[in-house]
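The values are calculated or read from the model by the stated rules, or taken from the named source; none is laboratory data. Fair warning: this is a prediction, and the values are worked out from it, not measured in the lab. Quick reminder, even Gly has a Cβ in these numbers, built from the backbone with ideal geometry, and neighbours come from all protein chains shown.
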């Protein structure tokens, strides 16, 4: 990294608001759903802010507000304004700043706004400019460096106020913390330059393609190859960073589409590389496939029951809470118990975690070992009918145990009461709050007072997820992606988008069939 020419330490703020919001999900996100981190707790999130970091002697890190939530439905306007206003006021109160690491997702939907990140970024940029001191040659206009999820949306309104922006290069996001560190390091490198050379060009172009993450995993081609090009482009003289966003498929907004941004001092080269990436993305649009074999709920269960691979995992993808689903649909629960092999106990299955606070409370009142009859799920998302009536035995209870803010996912996985109910060969886990099940610890819970469920001992494990997170992927002897209904339905055409900018693949599969192709000329910002 270039050594800073400053005689003082740089003052760089850190903050952001992150959530992935499905406009097709009836759930509504509020400020209470966000884990809000400030002060030393915020600095403790990152390795590069620690006293033993290589940056310690160069940078004074200024913590603002970082708010992150489990994906869900759109954020209520009042809650968004509460978080936005605090972040902006903290910037304005921070005193002179050289820059800001902007840690966010990029797919937040807010009721009443078509481009939430655009609105937020303009406000933060104005606050940064307010605290900057352009008359001081050693302390000019603050630079803003964004670290994003590759499933975020990059509108021109959002990108223009930024000086640097980058995104994950892996899906699943095993490089999420690397992305944040890259954004911070690049920012410090630019601030080491004379003020007139600090701000690079950004070659921005959107690609009229909108695909779900389960079709764009970097485990497979063509995403693997596309994202594999980025480090080589970044290494070229005159280039600072290269990034691709696949966009967020479950919001109905004009900004929702793929995007490419190549950042560099060489404007002509940055534009050429951005256009090359965008053109390749467009050319391979029909080559993207689901990350695993797919089928309806019935088809997946039938194939899993018949298989000798154990445990056999099934993704209940349409109601995946980590993509924005309500997490309370009992669609798969009903399908599982329709199978005689499972209902009789000849085949065992575990199905976490259907959100139903009333059912959890009833299980706690009844106690372990009690038989209960409950109407489970379909209370937030009622598109699949009413609750599923289940009679079974309460087999485990777990009180809320808040997760530490550490590994990716933990930042928004807040603790909640949970109950396990068993009927026949099926154990269903109901949760007080919307909760992902990504790791073995999510099933087992703490050493004492946890659910004590080991998914590896079941024949079938049916999880509300899309592509499998690494620990589940390693656990699975085999798996299938069930194309189930819900707020994050993989079948985009049946969701009813009508506000996205058209033409857009796959909604307009025959667009540009005359051979002209879309205009993929980058805009230099």
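Points to keep in mind about this one:
- Qualifying residue in the range 502-511 (condition: at pLDDT below 95, touching a strand residue (DSSP E or B) at 6+ places or on another chain (Cβ under 9 Å) and not assigned by TED's automatic domain parsing to the domain that holds residue 306): yes
- Near pairs, Cβ below 9 angstrom, 6+ apart or cross-chain, from the range 315-342 (in the same structural domain as residue 152 (by TED's automatic domain parsing) and outside any loop (DSSP other than H, G, I, E, B)) to any residue that is surrounded by 24 or more Cβ atoms within 10 Å (Cβ to Cβ) and modelled with pLDDT of 95 or more: none
- The residues of the range 218-238 that are touching a helix residue (DSSP H, G or I) at 6+ places or on another chain (Cβ under 6 Å) and within 18 Å of residue 466 (Cβ to Cβ) amount to a single one, 218.
- Qualifying residue in the range 70-84 (condition: over 17 Å from residue 253 (Cα atoms), assigned to a strand (DSSP E or B) and within 21 Å of the chain's Cα centre (by Cα)): no
- Within the range 177-202, being touching a residue at least 12 places away in the same chain (Cβ under 8 Å), within 18 Å of the chain's Cα centre (by Cα) and surrounded by fewer than 20 Cβ atoms within 10 Å (Cβ to Cβ) holds for 177, 181.
- Test: residue in the range 20-27 that is within 21 Å of the chain's Cα centre (by Cα), more than 25 Å from residue 190 (Cα to Cα), at pLDDT 95 or above and surrounded by fewer than 21 Cβ atoms within 10 Å (Cβ to Cβ): yes
- Scanning the range 248-276 for residues that are closer than 17 Å to residue 163 by Cβ and in contact with a helix residue (DSSP H, G or I) (Cβ under 7 Å, 6 or more places away or on another chain) turns up 261, 262, 263, 264.
- For the range 375-403, a residue qualifies if it is closer than 14 Å to residue 361 by Cα and free of Cβ contacts under 8 Å to residues at least 24 places away in the same chain, and exactly one does: 375.
- Failed condition for residue 347, given (1) under 11 Å from residue 390 (Cβ atoms); (2) under 35 Å from the mean Cα position of the chain (by Cα): (1)
- Those residues of the range 186-211 which are under 22 Å from residue 274 (Cα atoms) and either out of contact with any strand residue (DSSP E or B) (no Cβ under 9 Å at 6 or more places or on another chain) or part of a loop (DSSP other than H, G, I, E, B) (or both), in sequence order: 197, 199, 200, 208, 210, 211
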